[in-house]
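Notes to accompany the following structure.
The values are calculated or read from the model by the stated rules, or taken from the named source; none is laboratory data. Remember, predicted model here, so these are calculated numbers, not experimental data. Note: ideal-geometry Cβ built from the backbone for every residue, glycine included; neighbour counts use all protein chains shown. With ligands, DNA and RNA removed, areas are computed over all heavy atoms of the protein, side chains included. Shrake-Rupley method; radii C 1.70, N 1.55, O 1.52, S 1.80 Å.
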Amino acid sequence: AVIQALNFKTHEGRYKIAVVWLPEKMNAIAANKLLKVIEEPYPNTVFLFVSDEPDQLLPTILSRLQRIDFPLLSRGEIEAFIKSKRPELPLPKVQNIARIAKGSLLNVEQIIDEDKSEKQSYLELFTTMMRLCYKRDYLEIIKFSNMLSDNGREDIKNFFLYVLHLLRENFLLNVNLRNLTGFTQEELEFSEKFHVFIHANNVYALYDEINKAYYHIERNGNVKLVLADLMLQIGKWLRKK
């Protein structure tokens, strides 16, 4: 389809440009079919390969490209961008967004435009879940698991990803790498006390338990049982010294 499109004549513009998004995802057959036209492109034809993992490209293609790396933006550059787009935002808000964005303008747009109520809802679920797990309140754990199971598999999977994110941030806080964290103000207020429970002796096990639960939910496991078992396992690891 790409080769066919490039054979059309331009109507007004001089150049024909083919943007190949994530070319490392191409299978070998597709890549080899493009190889010849990349090696000997048609007149006034430009290929732009936009890749997250350029080293995964076939060497035969990579060797024929001019590589230009785009590093993450600095926090100062991110703050300048936000101020130019949203001058009404207070400076502390701008600085917080720049910290969370971690060098990506795409992240900035998502943070500014995201539905805050959903993220706040996930934080409330997270705080409730961690407290129940630590207390090992079995009756309330069952009730919470039943309640959360009503949200649907995709929402539960998204919640698990949020849990993994907050566990990582709390671990960084625990090991005095606060400058690398990306908390919202509400998340930070909870994590100032909670982070002491996430340390080198349990963080990997917690990650493993949540990833296993994600796997079982994705493969149609019994949601209530998966959630209840996960919370019991989290409670065990939260108490580990």
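Dipole orientation for the chain: of the candidates 129, 110, 38, 129 has the Cα lying most toward the positive pole (charges on Cβ; Lys, Arg +1; Asp, Glu -1). Of 84, 121, the residue with the largest accessible area leads and the full order is 84, 121 (1.4 Å probe).
State the Kirkwood hydrodynamic radius of the chain in Å, one decimal place, computed from all pairs of distinct Cα atoms. Every distinct Cα pair counted, the radius reaches 21.7 Å.
Here is the list for segment 152-234: trypsin sites (Lys or Arg not before Pro) lying in DSSP coil, each with at most 11 other C-beta atoms within 10 angstrom of its C-beta, are 219.
Computed about its Cα centre, the charge dipole of the chain is approximately 380 debye, with only Lys, Arg, Asp and Glu carrying charge at their Cβ.
Each helix, a run of at least 4 DSSP H residues, gives -39500 (n - 2.57); summed and divided by the residues of the chain, these come to -19000 deg cm²/dmol at 222 nm. Charging the Cβ of each Asp and Glu at -1 and of each Lys and Arg at +1, and nothing else, the dipole of segment 21-154 about its Cα centre rounds to 280 debye. Take the chain with all the other protein chains still there, run a 1.4 Å probe, and you get 63 Å² of accessible area per residue.
For segment 49-142, GluC sites (Glu not before Pro) are listed when DSSP marks them as loop and at most 15 other Cβ atoms sit within 10 Å of their Cβ; the list is 88, 114. Ranked from largest to smallest solvent-accessible area, with a 1.4 Å probe on the protein heavy atoms, 11, 199, 216, 165 come out as 11, 216, 165, 199. For the chain, modelled as a GNM with alpha-carbon contacts under 10 angstrom, which of 126, 81, 49 fluctuates the most? Top of the fluctuation ranking is 49. The length gained by stretching the chain between residue 11 and residue 84 to full extension, at 0.36 nm per residue less their Cα-Cα distance, is 22.6 nm.
With a threshold of 29 Å on the Cα-Cα distance, the over-threshold entries among 102/212; 143/193; 25/83; 16/85; 143/240; 33/157 are 25/83; 16/85; 33/157.
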